[in-house]
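For reference, the structure discussed in these notes is given below.
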Amino acid sequence: MLLYILPLTILITLTIIYIKFSKKIPILMYHRIADVPGDRNSLPPEKFEQQLQYLHSKGYTSINMEQLYAHYVLGEKLPPKSIVLTFDDGYADNLYSAMPVMKKYNMIGNVFVITNWIGKENKWENFGKQLTRTMNEQELLEWKGAGNYIGSHTCNHPKLANCNPKDLKEELRNSKTSLETFLRSDIISICYPYGSFNSDVIKIASECNYKIGLAIFNEVPLLRFNLLALPRIPIPSGQKMWEFKLKVSKIHIIFIMLRQLERRLKKLFR
Ligand SMILES: [Zn+2]
């Protein structure tokens, strides 16, 4: 009996998730656009260009966080093939390597900056990564001036799910306030470092008046669509083009479901 019930339950759950999510906009997660052998989070510029060329040739339109919010909450229409390009940590190569390519293909990006690490070396990582620096204030203004978007990635890049209530509140609130003062505009989106969040993080993010929270696909409960816990799809340095095409297609949610399933099974049999 169990032999039939289990696959059937999985199939029904996957179908419900597919129906709920298949019309959602794919959100891609990049970090550095640079050639750094061995670093999964540094996508070589030629590969980035190949990916954008593909998106352009297929008629995709890149959108920002405010458009995403207006679509989901206010019901505003988006172009039929919309996609979101996000960049974590605010590296200077986003401006110097990614932006020219985005401009060439008429696209925009959303960068999430760590407010205490603006214009500094990436020493918050401190685990053998190649040293590089993040955009300084002048460069961030240039990024924004070219039509790109800036959101919060906290003040210090902690794992938010591990923070005590005081630190959690400060990380979310202070990064928002400092960006709003600097950019003189509302900051409605937060990107959780390491994709780490829980119900407390979502509650405080909502109290701080964030409207959109970005996570990584593996931690997001797909049965409950929540604007403060949106799944993103990582684009690692070794990304094959066929995988990329699958990740941005209408069936990208199937990719997310399969990867979640794979991770759960691995945990189960570890
Ligand atoms: Zn980060």
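Annotation note: of Phe225, Phe182, the sole residue that is modelled with pLDDT under 95 and either part of a helix (DSSP H, G or I) or more than 19 Å from Gly109 (Cα to Cα) (or both) is Phe225. Residues in the stretch 199-229 that are open to solvent by 20 Å² or more (accessible area, probe 1.4 Å) and among the hydroxyl-bearing types (Ser, Thr, Tyr): Ser199, Ser206.
Being away from the ligand (no atom under 16 Å from the Cβ), exposed (fewer than 15 other Cβ atoms within 10 Å of the Cβ) and either among the aromatic types (Phe, Trp, Tyr) or part of a helix (DSSP H, G or I) (or both) narrows it down to one residue among Glu46, Glu66, Glu76; which is it?
Working: Glu66 fails: exposed (fewer than 15 other Cβ atoms within 10 Å of the Cβ); Glu76 fails: either among the aromatic types (Phe, Trp, Tyr) or part of a helix (DSSP H, G or I) (or both).
It is Glu46.
In the stretch 81-94, the residues that are acidic (Asp, Glu) reach residues that are away from the ligand (no atom under 12 Å from the Cβ) and open to solvent by less than 10 Å² (accessible area, probe 1.4 Å) with C-beta atoms within less than 8 angstrom, at least six apart or across chains, in these pairs: Asp93/Ile33. Residues of the stretch 83-131 that are within 15 Å of the ligand (Cβ to nearest atom), part of a loop (DSSP other than H, G, I, E, B) and among the aromatic types (Phe, Trp, Tyr): Trp124, Phe127.
Looking across the stretch 203-218, the residues that are under 16 Å from the mean Cα position of the chain (by Cα) and not in a helix (DSSP H, G or I) come down to Tyr210, Lys211, Ile212, Gly213, Leu214, Ala215, Ile216.
Residues checked against (1) open to solvent by less than 10 Å² (accessible area, probe 1.4 Å); (2) under 14 Å from Arg32 (Cβ atoms):
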site: Ile83; (1), (2): yes, no
site: Gly90; (1), (2): yes, yes
site: Phe112; (1), (2): yes, yes
site: Lys120; (1), (2): no, no
site: Glu125; (1), (2): no, yes
site: Lys129; (1), (2): no, yes
site: Ala146; (1), (2): no, no
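Every listed requirement among (1) farther than 29 Å from Arg173 by Cβ; (2) not in a helix (DSSP H, G or I) is met by Leu28 save one, (1).
Have a look at Asn110, Asn106 and point out the one that is at pLDDT 95 or above and either under 19 Å from Trp242 (Cα atoms) or under 19 Å from the mean Cα position of the chain (by Cα) (or both). The match here is Asn110. Test Thr134 against the criterion of being within 13 Å of the ligand (Cβ to nearest atom), hydroxyl-bearing (Ser, Thr, Tyr) and either at pLDDT 95 or above or closer than 30 Å to Pro100 by Cβ (or both), and give yes or no. Spelling it out, Thr134 is indeed within 13 Å of the ligand (Cβ to nearest atom), hydroxyl-bearing (Ser, Thr, Tyr) and either at pLDDT 95 or above or closer than 30 Å to Pro100 by Cβ (or both). Checked against (1) touching a Ser or Thr at 6+ places or on another chain (Cβ under 9 Å); (2) crowded, with 16+ Cβ neighbours inside 10 Å, Ser196 passes all but a single condition, namely (1).
In the stretch 239-259, is there at least one residue being at pLDDT 90 or above, open to solvent by less than 30 Å² (accessible area, probe 1.4 Å) and touching a Ser or Thr at 6+ places or on another chain (Cβ under 8 Å)? Looking for residues that are at pLDDT 90 or above, open to solvent by less than 30 Å² (accessible area, probe 1.4 Å) and touching a Ser or Thr at 6+ places or on another chain (Cβ under 8 Å), one finds none in the stretch 239-259, hence no. Out of Ser189, Ser196, report the one residue that is more than 23 Å from Ile83 (Cβ to Cβ) and of a type in the set (S, T, N, Q). Result: Ser196 is the single residue among Ser189, Ser196 that is more than 23 Å from Ile83 (Cβ to Cβ) and of a type in the set (S, T, N, Q).
Beta carbons closer than 6 Å, at least 6 apart along the sequence or on distinct chains, pair a first residue in the stretch 27-39 that is closer than 21 Å to Leu55 by Cα with a second that is open to solvent by 20 Å² or more (accessible area, probe 1.4 Å) and more than 15 Å from the ligand (Cβ to nearest atom) for Ile33/Pro45; Ile33/Ser97.
For Pro221, the stated conditions hold: it is under 26 Å from Lys203 (Cβ atoms) and under 19 Å from the mean Cα position of the chain (by Cα).
Against the numbered list (1) among the aliphatic types (A, V, I, L, M); (2) out of contact with any Asp or Glu (no Cβ under 7 Å at 6 or more places or on another chain); (3) over 17 Å from Leu28 (Cα atoms), Ile187 comes up short only at (2).
The values are calculated or read from the model by the stated rules, or taken from the named source; none is laboratory data. Predicted model, so just to flag it, every value in this text is computed and none were measured. When we count neighbours, we look across all protein chains shown, and the Cβ atoms used for this are built from the backbone with ideal geometry, even at glycine. Accessible surface is based on the protein model in full, side chains and every heavy atom, while ligands, DNA and RNA are left aside. Shrake-Rupley method; radii C 1.70, N 1.55, O 1.52, S 1.80 Å.
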